[in-house]
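Asker: Dropping the structure in here first, questions after.
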Amino acid sequence: MAKAIFHLILNNPDEAVQFYLEAFDAKIKRMDRNPEDNSFIHAEIDVFGQTIAFMGRDSESVAGNTMMMFFKFGEGNEAVIEKVYEVLKKGAQPHEPIGPHFWSPCVMSLIDKYGVNWCLAV
């Protein structure tokens, strides 16, 4: 069965992985390091049952189109969104502060300090 994996190409991937582990109360699924100097190669974390992978940006990385990481939860999960928002908003560029919107009773969107565009809603 095929599955989609979000793959983020970021500056400071070691730091970013720790940030997202805290924000999403996530778990590391995989961490690959260079055996010669222990530098970061690749990581995967489990975020609400979805895999988000990371790699460092280098001169060979290709720039792509803008995309948004979007998680939609059912009603009654407002506390999850509030917890994630409290961490992601540190150093972020807010688009839409957490609150009700015409299409959801609880939604937030922002570009975090690593340049990742997020939206979470119930």
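Asker: What is the one condition in (1) surrounded by 15 or more Cβ atoms within 10 Å (Cβ to Cβ); (2) assigned to a strand (DSSP E or B); (3) not aliphatic (A, V, I, L, M) that Y85 does not satisfy?
Answerer: (2)
Asker: Yes or no: H95 modelled with pLDDT under 90 and surrounded by fewer than 17 Cβ atoms within 10 Å (Cβ to Cβ)?
Answerer: Judged against the criteria, H95 is a match.
Asker: Got a sec? Which of D25, D37, D14 is among the charged types (D, E, K, R) and under 18 Å from L120 (Cα atoms)?
Answerer: D25
Asker: Checking the structure you have, find out if any residue of segment 45-52 is touching a His at 6+ places or on another chain (Cβ under 8 Å), modelled with pLDDT of 95 or more, more than 18 Å from S109 (Cβ to Cβ) and in the same structural domain as A4 (by TED's automatic domain parsing).
Answerer: No: segment 45-52 contains no residue that is touching a His at 6+ places or on another chain (Cβ under 8 Å), modelled with pLDDT of 95 or more, more than 18 Å from S109 (Cβ to Cβ) and in the same structural domain as A4 (by TED's automatic domain parsing).
Asker: What single numbered condition from (1) modelled with pLDDT of 90 or more; (2) surrounded by fewer than 11 Cβ atoms within 10 Å (Cβ to Cβ); (3) acidic (D, E) fails to hold for E60?
Answerer: In the conditions (1) modelled with pLDDT of 90 or more; (2) surrounded by fewer than 11 Cβ atoms within 10 Å (Cβ to Cβ); (3) acidic (D, E), E60 misses (1) alone.
Asker: While we're on this one: Would you check which residues across segment 35-50 are over 17 Å from I9 (Cβ atoms) and either outside any strand (DSSP E or B) or in contact with a Gly (Cβ under 7 Å, 6 or more places away or on another chain) (or both) and list them?
Answerer: P35, E36, D37, N38, F48, G49
Asker: Ok, one more. Tally time: how many residues in segment 9-34 are assigned to a loop (DSSP other than H, G, I, E, B) and touching a Gly at 6+ places or on another chain (Cβ under 9 Å)?
Answerer: 2
The values are calculated or read from the model by the stated rules, or taken from the named source; none is laboratory data. All values reported here derive from a predicted model rather than from experimental measurement. We place every Cβ from the backbone using ideal geometry, glycine too, and count neighbours over all the protein chains shown.
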